[in-house]
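The values are calculated or read from the model by the stated rules, or taken from the named source; none is laboratory data. Keep in mind that what you see is a predicted model, and the values were worked out from it rather than measured. Please note: Cβ atoms are built from the backbone with ideal geometry, for glycine as well, and neighbour counts cover all protein chains shown. Each accessible area value is taken on the protein alone, full model and side chains, heavy atoms only, with ligands, DNA and RNA left out. Shrake-Rupley method; radii C 1.70, N 1.55, O 1.52, S 1.80 Å.
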Amino acid sequence: MTWTALTRTWPQTLERLQRRFPHLDRGALAQRTDKEVVTAHIAERHDLTQSEAREALDDWLMFQSLETRQEQLAG
């Protein structure tokens, strides 16, 4: 799943992001769909470096892609 695809359903994406990154401030990100802004927010709120936050977000994106693919195959 691409970042662009996730931004099409941003409220639902924020909900899923918050399950993975519980310290997110959804209000602060309500209209902020830029990946770098979200990465910086994750780093700040979860005491991570930018690199760590980027890696964690990319891992989460990969998991979302696999989950979506599995749902498609299950039919």
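Axis of helix 10-20 versus longest Cα principal axis of the chain: the two differ by about 80°, to the nearest ten degrees.
Leaving out ligands and nucleic acids, note down the accessible area per residue over the chain with a 1.4 angstrom probe, in whole Å².
Numbers: 4970 Å² over 75 residues.
Here the residues of the chain average 66 Å² of exposed surface.
Positive-end ranking of T4, H41, A53 along the dipole of the chain, with charges on Cβ about the Cα centre, is headed by T4. For the chain, the longest principal axis of the C-alpha atoms and the axis of helix 35-45 are separated by about 60°. Computed per residue of the chain from DSSP H runs no shorter than four, each worth -39500 (n - 2.57), the mean residue ellipticity at 222 nm is -22500 deg cm²/dmol. Could you look at the chain and say what percent of its accessible area is carbon and sulfur, using a 1.4 Å probe and all protein chains? On the chain, the fraction of accessible area on carbon and sulfur atoms equals 48 percent.
Given a Förster radius of 30 Å and the C-beta distance between K35 and A74 as r, what FRET efficiency does 1/(1 + (r/R0)^6) yield to the nearest 0.05? Intermediate values should be presented prior to the final figure.
Details: r = 28 Å, r/R0 = 0.95.
Approximately 0.60, to the nearest 0.05.
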